Amino acid sequence: MSQTFLSLQNIEKRFGSVRAVDGLSLDIRQNEFFALLGASGSGKTTLLRLLAGFETPTGGSILLGGKDISRVPPNLRQINLMFQSYALFPHMTVFQNIAYGLEMERAGRAEIRRRVGEMLEIIQLPHLAKRKPDQLSGGQRQRVALGRALVKRPHLLLLDEPLGALDKKLRGDMQLELKRIQHEFGITFIVVTHDQEEALVMADRVAILKDGKLLQCASPHDIYEHPNSRYAADFIGVMNFLPGILQRDGVRALDGSLIQAGRPAGARDGDKVVVAVRPERLHIGARKDGNGLKGRVVAMAYQGLDLQLHLKSDLSPDPVLVRLTAHDAESNPLSEGDEVSLGWAARDTRIFMA
Ligand SMILES: Nc1ncnc2c1ncn2[C@@H]1O[C@H](COP(=O)(O)OP(=O)(O)OP(=O)(O)O)[C@@H](O)[C@H]1O
Ligand SMILES: [Mg+2]
């Protein structure tokens, strides 16, 4: 594992009475693709602005390569921020847009031509160098903005909702593109996104922010499979929550049945808890080991690769969601109104304080 490159130590940023970032500590490694996730107002942009030097922390320190940069001005940090609403210069060509930062640095003409040429290859737009932004598609514009941010070879590139303006298909393509470019350049990326699927696809590690605090930081797999709180479980992907009361031998569910589950750290018998299970972990048919529930199909949504069922069950006030693969759906034909028994493995059961 490579060493710590960027270290945030107990960072705090207050705007009057608002704690936009509230005692956040985090280490980011060299060449890491790091994603920041969080609801609107959770402090994502503020954190990037602190890293870029556009804001000064009201507490804590930021170390880059071991040096405290908390009070170093933005232009001396070798950190580049691609803003939430990036804007290309409309009157300049693609080439000129990318060259702009180098011209500000007073690089020589030959060097500018060489570096912009290389960058155009990387973003795969050499044939469009002479176009103006309004003659480009959304994805092409996004790539130019990326080229403009990368050409100065920052040590760290901060991207605030870089794919926010794109439609779903283009987003998917650009997610892979971003990963490729990051890999090719070996630059550390910190990407803010609203879209949790996007974070899971692109990042080496994902952090969830809530009210300016770090809630969880882990690999995409761990954050999806082992969320550390009900909030994180709800925030990432889809989760069924079955409320109950913790007992010595399991969880007493709403219908009086007993669900086998572990226990949250520090929980005591009699505490209110929720058992959590992902829709894709529920399978048709009762199980001998593990857990089960019965329900009535109230809605079905065909989603191409899979079929989503909504069940009314005595175990939960909300509909229980089930995701069946096309194969499972075909071997168990179901219609609305059908009663169905489902099972899931003990190892797929999570439990949180309610
Ligand atoms: N300059 C400022 N003055 C006062 N409050 C601010 C300022 N900038 C941000 N805030 C507040 O700090 C909190 C965090 O804002 P921030 O922009 O970091 O959120 P965000 O996670 O980027 O949200 P979004 O997903 O909507 O972009 C919010 O409550 C916001 O209103
Ligand atoms: Mg923001």
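The values are calculated or read from the model by the stated rules, or taken from the named source; none is laboratory data. None of the values given here were measured: they were computed from a predicted structure. All Cβ positions, glycine included, derive from the backbone under ideal geometry; neighbour counts span all protein chains shown.
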Subject >> Selected residue (criterion: farthest from ligand 2 (Cβ to nearest atom)) from residues of region 46-75 that are touching an Asp or Glu at 6+ places or on another chain (Cβ under 6 Å) and not in a loop (DSSP other than H, G, I, E, B) >> reply: SER61
Original post:
Looking at region 270-282, which of its residues are in a loop (DSSP other than H, G, I, E, B) and in contact with a Leu (Cβ under 6 Å, 6 or more places away or on another chain)?
Top reply: ASP271, LEU282
**OP:** Keeping to region 1-58, report how many residues are among the hydrophobic types (A, V, I, L, M, F, W, C), over 15 Å from ARG71 (Cα atoms), buried (at least 18 other Cβ atoms within 10 Å of the Cβ) and within 10 Å of ligand 1 (Cβ to nearest atom).
**Re:** 4
Subject >> Qualifying position, being over 21 Å from ASP195 (Cβ atoms) and among the hydrophobic types (A, V, I, L, M, F, W, C), among LEU47, LEU81, LEU24, LEU37 >> reply: LEU24
Original post:
Got a number for residues in region 75-94 being under 17 Å from LEU156 (Cα atoms) and within 16 Å of ligand 1 (Cβ to nearest atom)?
Top reply: 4
Original post:
Right, GLN182: farther than 19 Å from PHE89 by Cα, polar (S, T, N, Q), assigned by TED's automatic domain parsing to the domain that holds THR46 and within 22 Å of the chain's Cα centre (by Cα) or not?
Top reply: yes
Original post:
Among VAL251, VAL274, which is β-branched (Val, Ile, Thr), at pLDDT 95 or above and over 26 Å from the mean Cα position of the chain (by Cα)?
Top reply: VAL251
Original post:
Looking at (1) away from ligand 1 (no atom under 12 Å from the Cβ); (2) over 19 Å from LEU156 (Cα atoms); (3) exposed (fewer than 15 other Cβ atoms within 10 Å of the Cβ), which is the one condition that is false for ASN97?
Top reply: (3)
Original post:
Given the conditions (1) touching a Leu at 6+ places or on another chain (Cβ under 9 Å); (2) closer than 20 Å to LEU178 by Cα; (3) β-branched (Val, Ile, Thr), which single one is not true for THR45?
Top reply: (1)
Subject >> Positions within region 130-155 being surrounded by 21 or more Cβ atoms within 10 Å (Cβ to Cβ) and touching a Lys or Arg at 6+ places or on another chain (Cβ under 8 Å), in sequence order >> reply: VAL151
**OP:** Taking the residues in region 119-129 that are at negative phi and part of a loop (DSSP other than H, G, I, E, B) as candidates, determine which candidate is surrounded by the most Cβ atoms within 10 Å (Cβ to Cβ).
**Re:** ILE123
Original post:
Among the candidates ARG49, ARG19, ARG29, ARG14, which residue alone is basic (Lys, Arg), out of contact with any helix residue (DSSP H, G or I) (no Cβ under 7 Å at 6 or more places or on another chain) and without any contact (Cβ under 8 Å) to a residue 40 or more places away in the chain?
Top reply: ARG49
